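S.K.: First the structure, then my questions, so here it is.
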Ligand SMILES: NC(=O)c1ccc[n+]([C@@H]2O[C@H](COP(=O)([O-])OP(=O)(O)OC[C@H]3O[C@@H](n4cnc5c(N)ncnc54)[C@H](O)[C@@H]3O)[C@@H](O)[C@H]2O)c1
């Protein structure tokens, strides 16, 4: 027996967006039908940041993401967020793999938004608006291109140089750097910033738009004016996490949006227990906070592929 050690370099060669979309969609269905488990995230505060433990189990796979947020890390030449996934055998508990979590997080987050768009956006959607031009924006373009035929992509970033670099990075797509308001005139919009005050105004949102609100994944973060939520069909990845740390966390705290206004969880919609989009005019919002089941489903995919390919670093970690 051995434990695989999969580095970020290894992960880059093992992840495939269409495959991740497939396993993450199944994990949402399993969660909604009681076949997956996900206890609440555990937060641990330390002097200069915090740690989060995210355990989860999907049929045949169990694991935990252990991830930090240290905002001052750039002074040390280190990323703010680093993480590993511990992946174990559900039958014996044996530690099958320890893997870097950055790429898995990037892929599974974008895959989840594309799944939400598949169920909630108008089926004929052809344009994508991206607010924020960082890592997640790159992944969201790829995940949506895996499901939709994209004629036009508009990107806005508070740093114009980031939006310009994004345009140059994707010559194969029709990408334009625009204002935030122009980017909102798209069939599907993804908000992908660390903003703590709304960057999207309610007056910019056109009927029929689907918005994936992804940036707000911690208490105090917020990207949409609350008026958008009040006129939209709001779907969350997980009710408790969304109220605590998602796009709706601030409006709920401020009494501007009630938990009872949530239409459904994404899993309920994927499982067919609740309908998604009702008509071509309704605005839909998916509030993404990021779930452990998404990580475990993607980790399983990567682990099984790595075992099949062979040649990866492994150690006799526990000497059994
Ligand atoms: N929901 C989830 O599952 C999930 C998962 C991963 C990351 N996230 C969140 O998504 C956000 C983006 O992550 P990332 O890895 O792409 O970060 P990143 O740092 O690579 O990119 C963020 C981009 O947003 C831009 N930006 C900042 N404030 C802005 C504003 N007010 N208006 C427009 N642009 C602005 C920055 O210039 C930067 O280019 C973060 O808040 C992160 O915590 C959520």
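S.K.: Between a first residue in segment 238-255 that is without any contact (Cβ under 8 Å) to a residue 12 or more places away in the chain and a second residue that is away from the ligand (no atom under 15 Å from the Cβ) and assigned to a helix (DSSP H, G or I), which pairs have beta carbons less than 9 Å apart while being 6 or more apart in sequence or on different chains?
M.R.: Taking only residues 6 or more apart or on different chains, the pairs are 252/259.
S.K.: While we're on this one: For segment 85-100, what are the residues that are under 22 Å from residue 238 (Cβ atoms) and touching a helix residue (DSSP H, G or I) at 6+ places or on another chain (Cβ under 7 Å)? Spell out how you get there, then give the answer.
M.R.: Here is the first cut: in segment 85-100, the residues under 22 Å from residue 238 (Cβ atoms) are 85-87, 90.
Those that are under 22 Å from residue 238 (Cβ atoms) and touching a helix residue (DSSP H, G or I) at 6+ places or on another chain (Cβ under 7 Å): 85, 87.
S.K.: While we're here: Name the pairs whose Cβ atoms lie under 9 Å apart, with the first residue in segment 53-68 and under 9 Å from residue 36 (Cα atoms), the second in a strand (DSSP E or B), and 6 or more positions between them or separate chains?
M.R.: The qualifying pairs are 56/37; 56/62; 56/63; 56/64; 56/65; 57/37; 57/63; 58/37.
S.K.: So which pairs qualify, if the first residue must be in segment 195-223 and free of Cβ contacts under 8 Å to residues at least 12 places away in the same chain, the second must be outside any loop (DSSP other than H, G, I, E, B) and surrounded by fewer than 21 Cβ atoms within 10 Å (Cβ to Cβ), the Cβ gap must be under 9 Å, and the two must be at least 6 apart or on different chains?
M.R.: 203/181; 203/227
S.K.: Is it the case that residue 242 is more than 14 Å from residue 119 (Cα to Cα), assigned by TED's automatic domain parsing to the domain that holds residue 28, within 16 Å of the ligand (Cβ to nearest atom) and modelled with pLDDT of 95 or more?
M.R.: Values: more than 14 Å from residue 119 (Cα to Cα): yes; assigned by TED's automatic domain parsing to the domain that holds residue 28: no; within 16 Å of the ligand (Cβ to nearest atom): yes; modelled with pLDDT of 95 or more: yes.
Spelling it out, it is not the case that residue 242 is more than 14 Å from residue 119 (Cα to Cα), assigned by TED's automatic domain parsing to the domain that holds residue 28, within 16 Å of the ligand (Cβ to nearest atom) and modelled with pLDDT of 95 or more.
S.K.: Let me ask something else. Name the residues in segment 289-320 that are in contact with a helix residue (DSSP H, G or I) (Cβ under 7 Å, 6 or more places away or on another chain), outside any helix (DSSP H, G or I) and farther than 23 Å from residue 38 by Cα, would you?
M.R.: The one that is in contact with a helix residue (DSSP H, G or I) (Cβ under 7 Å, 6 or more places away or on another chain), outside any helix (DSSP H, G or I) and farther than 23 Å from residue 38 by Cα: 312.
S.K.: Looking at residue 191 and the list (1) closer than 30 Å to residue 22 by Cβ; (2) buried (at least 16 other Cβ atoms within 10 Å of the Cβ); (3) touching a helix residue (DSSP H, G or I) at 6+ places or on another chain (Cβ under 8 Å), which single condition is not satisfied?
M.R.: (3)
S.K.: Could you look through segment 161-173, keep only residues that are touching a residue at least 12 places away in the same chain (Cβ under 8 Å), out of contact with any strand residue (DSSP E or B) (no Cβ under 7 Å at 6 or more places or on another chain) and part of a helix (DSSP H, G or I), and pick out the one that is farthest from the ligand (Cβ to nearest atom)?
M.R.: Going through segment 161-173, the residues touching a residue at least 12 places away in the same chain (Cβ under 8 Å) turn out to be 162-167, 169-170, 173.
Filter once more, so that each one left must be out of contact with any strand residue (DSSP E or B) (no Cβ under 7 Å at 6 or more places or on another chain): 162, 165, 169-170.
Next, from what is left, pick out any that are part of a helix (DSSP H, G or I): 162, 165, 169.
Values: 162: 4, 165: 9, 169: 12 Å.
For segment 161-173, the residue satisfying everything is 169.
S.K.: Tell me which residues, restricted to segment 86-119, are away from the ligand (no atom under 16 Å from the Cβ) and touching a strand residue (DSSP E or B) at 6+ places or on another chain (Cβ under 7 Å).
M.R.: Listed by number, the residues that qualify are 86, 87, 88, 89, 90, 94, 95, 96, 97, 98, 99.
The values are calculated or read from the model by the stated rules, or taken from the named source; none is laboratory data. Here the structure is a predicted model, which is why all the values come from computation and not from measurement. Note: ideal-geometry Cβ built from the backbone for every residue, glycine included; neighbour counts use all protein chains shown.
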